[in-house]
1. Rounded to the nearest 20 debye, what is the charge dipole size of chain A about its Cα centre when +1 sits on each Lys and Arg Cβ and -1 on each Asp and Glu Cβ?
2. Sorted from largest down, give the three principal axis spans of the alpha carbons of chain B, whole angstrom values.
3. Towards the positive end of the charge dipole of the range B:227-331, with charges on Cβ (+1 Lys, Arg; -1 Asp, Glu), say which of B:T286, B:L246, B:A319 has the farthest Cα.
4. Using every Cα-Cα pair within the range B:66-107, state what percent have a distance larger than 14 Å.
5. When you count, for each residue, the other Cβ atoms within 10 Å and take the mean per peptide, how do A:376-389, A:139-152, A:336-349 rank with the highest first?
6. Could you tell me the center-to-center distance, by alpha carbons, between the range A:56-88 and the range B:66-113 in angstrom?
7. For the range B:121-198, which chymotrypsin sites (Phe, Trp or Tyr not before Pro) are in a loop by DSSP, counting at most 16 other Cβ atoms within 10 Å?
8. Work out Dmax and Rg for the range A:307-418 from the C-alpha atoms and quote the Rg first, both in angstrom.
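Read-outs: derived from the displayed coordinates by stated rules, not from any lab. Computed from a prediction, not measured in an experiment: that's the story for all the values here. Glycine gets a Cβ as well: all are built from the backbone with ideal geometry, and neighbour counts include every protein chain shown.
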Amino acid sequence: MRNIKKWLSLALAVMLCMSATAALAEGATFTEAPFLTEASVYGDVADRLPVASDVMVEDASYLTIGTYGGELRRSAGGGNWDAGKPIEEGLFRFNVSGAVEPNVAKGYAINDDATVYTIYLREGMKWSDGEPFTAEDCVWFYNAVCLNKVDGKGVRNCHKDANGDPAVVEKVDDTTFTVTFGTPKYDFIEALTVDLKWHFAPKHIFEEMVQAVIDGKDEEALAAGKAICGTEFSDVAKMGKELLYHFWNYPGVPTLNPYVLSTEEGKNSIKGEYYEFVRNPYYWKVDTAGQQLPYIDKIIYTTVSNVDQQLMLLLDGTVDYQTVAMESIPTILESETAINIYEWSGGDWGDVGTQLHFNLNVADEHLNALFNNIDFRHAMSICVDREEFAGLYSDGWLSGGQAAPQKGNQGYSEEWASKWTEYDVDGARKLFESAGLVMGTDGFYDFADGTDFVLNIVSVADNGAADTYKILEPYFRAAGIKCTFKDSDRSNIDNDLMANAIEAMLFPVTGIGDISIVLKPNSMVPGYATNVAWYGTMDETTATGDLLKLIELKKELDVTVDPDKREEIALQMLKLHEENMWTLAYVEASSTYHAVNARIKNFLEQGVWSDIYRDMGIAHVQCWYIEE
Amino acid sequence: MLKYIGKRMLLFIPTLIIISVVIFFIIQLPPGDYVTSYVAALSAEGETFTAEDIAQLRLQFGLDDPWFVQYFNWVKNIVTRGDFGYSFEYGRSVWSVIMDRLYLTLAVSFVILVFQYGVSLPIGIYCANHQYSVGDYALSFIGFIGTATPNFLLAIIIMYVVYVNTGEVYLGLFSTEMLQNGMRWEYVPEFLGRCLIPLIVIGTSGTCGIIRTVRAQMLDEQARQYTLTARAKGCSEATITYKYCLRAALNPVVSGMAGSLRTIFSGSTVSAIVMNLAIQGPVLLTALKSQDMYLAGTIVLIQAVLVLVGTLLSDIALAWLDPRIRFAERG
C-alpha cells in the first residue's frame, strides 16, 4: 500500500505540475491571428483565452514558432473521422512519446484506492460560440447523455468498475468534477483517453433536445435538433449519435476544437462538393510565443470520388496533405510540386491482409485440438515461401513478415518478428505429423482417425482476401493441406463470429495488434471484443493453458498501479503471444505514408498511426503553418 | 389522340408498380444491407461495433423488417405524403439529396443534349448529301472514335493532355475558388473551359449513333420516288433536303429521344465520377454501393417514370411529325 501511495502521489504531482503556461516565454503576451483582429467582433484575445495560468501551451520540441494565415487544402470523401480526428480535443491526450497528458483538462488527482478521480478544468475556457465551458458540461454529458445512451454509445468501459457498474460523476465547482467508482480503477485516465476521449458536450445547446429525448418527446427533440444544425433527422437515435458523437460534422454545434465546420451556406455540409472548417476564435492553446493557435485560418475540403483524384490534386499542388499508398511514392517524388513524404509506423502485427487466424475455440473437437497444437501453427507458418509470396502479394513493395509488434512498439523483438519465417516444406510436413495429422492416399493430410482434414478459410467479401488466397493456397496444397475459401458479406461474417461458426479467417475483420496491449487489448486478449477470429467466443470460462494465463494477466494488470509492474505484466502477456504464435501473418506491416506539400511546416515527421493516438490527430494540426 | 394519350397514361400505373417492386427487390438482392456498409466504413476509420450496436442500428434504420414490408412502407409514404424516405448515406430526406444536384444535372445534361443533336444532325445531313466524300469519311471517323472509345477513358486521356499542357487538373465543373466565393463574372471563362471536357466526352458518345441514323435515313429518303418527283418538278435541293427528306428521316431520331429524358435527369455516371462532376449519376452509384435503398430506389423510380413519359412524348412527336402515323392512328 505504501508503494501505491507513492506512485499515486507521484502521478498527481506530475499531472498537476504540467502547468499550462510553464513553457510560455517570459514576458510573452497573448496575440491573435490578423484574421480575427480584422473581424473586430471577438474582442480582446486575452478575454477569449482561459485565465493566463490555465492557457495551454503547445511546446513539443519539434515545433517552431509559426506565422498566421492561409488555408490547409485537403480532399475528402465526406467528413466523419477523416475530418474529425485531426481536430479532436479530448480531456486528455497522448503525446508523441505515447504518454497521456492533460489537454482540455488541466490535470487530475486520484484518491488512495483509485476509486475517486478529481478532474480539474481550465478556468475561463470557452466553447467556440463564446459561452463558458465548465464542469457542468462534463457532468451533464455523462449523466444526461451517456447514462441515457442518447449518443447511441452509452456508458463506455472506462466508466465501469470491476463489477461493470457505472461511475458516479459529480460537479464540485465550475472547474472541478469527480468520477467515483465502486471498485478501484487504476487505469481510468488512460482508458478514458482511448474509450471516450472528450467527456463533454455544450449543455447550453443540447439540454432541451436531450431532455426531450429522455422524456420520449421525439417530435420535440427532432425539432430542437433541427434548430441547432438545420438538419432534419429521421429519428432521435440517429440524431443523438450524429449530434453528440459525430458532432464536428454539423454546423452550429459549438466545440472546443481548433476548427469548426463553417455555418455559411455552400460550405457547411460534409456531404457537399466543398466544405470548410474555420478557426475557432475561442481556441484555448497558444504557442510558446503566446500566439493563439491555430496558425492556419481554415481547413478546406474538396470532395472527390476516389483516391486517384486525391493523388492528382496532390500532384497538381491544389491539395496540401494526403496519406498515400506506397506505390504512389515514386510518382509523387517525380512531380514538379514540392512534396515531402513522411513515414509513420503503426500497430498492426504484420500486414492485416495476410493475417491468418485459426479459431482456437472452434466447436469441432478435431479442429480444436489441431489449432491449439503449436506444431500445427508452426507448420502453417513455415510452409509458405514468404519472400515469393510477399513479392506477388504486394508487387514487391513489402517483404515477408510475421504477426509480431512493429519496431518501436511495446514487445518488439527481432526474434519474434522473424519467428517461423524460414521457408521449409519438409519441416512443415514433419510438424503436421507431430501435430497428429497423417498423410492420406490423395496426397493431403487427414486426421489420425482417417477423417478428412480440410482447412475452411473465410473472409469478408471484396476486401482482396480472395486474391490473396489464390496466391497462398498453392503453398498449403504443396505442403499437403487441403483448403477451401469462401468470402461473405461483413454482416454474415459478424454473425458467424458471434455464433463461433468460423474455423479460420484470412484478412480478419479485427486484425491482431495495436500499439499497446494495455491501452487497447481488444485484438490481443480473449473476451475483449466480439469479432476477433482467433479467439472467437472464448473467455476465461473456456480458455485453458497459456490463453487462460493471458486473461488472468490482463485482470492482474487492471488492478496494478505501479507503472513498472504494469509494464512487466504487459511484457509477460506479449511474451505469451510470442511463445504461442496464436496468429500468423505472412507479410510485414506496411507503414503509413504522409505526402505533405512542402509549404506546410511543423508536420510531425516521425509518428505512429494508430486509432489510439487518433491517427493524424497526434500531428496537432493546430500547430501547422504555411510558408510559401 | 386524347383517348390514346389517356389510355397510355393509365397503363403507367401498373407498369410503375411492377418496376418499383423489381427495383426494390433488386436493390435488396446483394448480401447485407446499409448497416453492413455503414459498419464497414466506420470500422475502417477505427470505430468499433459490438453485436448489440449492429442490431440497434438495424432496428434504428428499420432494416430488420422483411424487404416487402420495407417496400410497402416506402410506397405508402410516397403515395400518402409524397415522402420518398430517408437517405442513410446522406443523413437527410431523399428528396433533398436529389434536389441538391438536380439543377446542375439538368443544365449539364440539357447542354450536352443540345450539343449532341446540334452537332449530329448537320453532320448526318452533310454526310448523306456528300456520300463517300472525304468529308463524309473524316466526320464519320471522328464520330466513330467518340462512340468506340469508352467515355471514361476519353475523359482520362483529355484530362491528361490538358494537365500536361497547362499543369491544371480539371476535376469538376467548379474550381475551389468558385466553390469558395460563389460564381462571379470573372470565373465564367474558366467555368466554360471546365464544361468543355464533359461536353466533348459525354457529348461525343451519342453523336455517332445519331449521325449514322440520320445519314442512312437521308440516303434512303433521297432514293425514294417522291424525292425524284420533287426534283423533276424543279424543287430546290434545300427544299428537298430539309422540307421532305429530313422530316421523314427524323422518325428514328425522335423515337430515340425517349431515353433522353432519363439521361437528362441522371446524367452520366462513370464519366461523371472520373471527372468529379457533382451530378446525379454518382449519387445513384454511391447509393447502390452502400445499399441506401430509398435513395437508389427513388432515383431509379424517377428514371423509370421519365422513360415512360419520354416514350409517350416521342410517340406524340412522331404522330405530329409524320402524317402517316396520325392517319394510321385514326384508322
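1. Values: 49 positive and 97 negative charges, 185 e Å.
Using only the charged Cβ atoms, the result is roughly 880 debye.
2. Extents along the principal axes: 85, 60, 36 Å.
3. Ranked along the dipole, the leading option is B:L246.
4. On the way: 493 of 861 pairs.
So the portion of pairs separated by more than 14 Å is 57 percent.
5. On the way: A:376-389: 21.9, A:139-152: 20.2, A:336-349: 18.4.
With the highest mean Cβ count within 10 Å placed first, the list reads A:376-389, A:139-152, A:336-349.
6. 36 Å
7. Listed in order of number, the matching sites are B:Y132.
8. 19.3, 62
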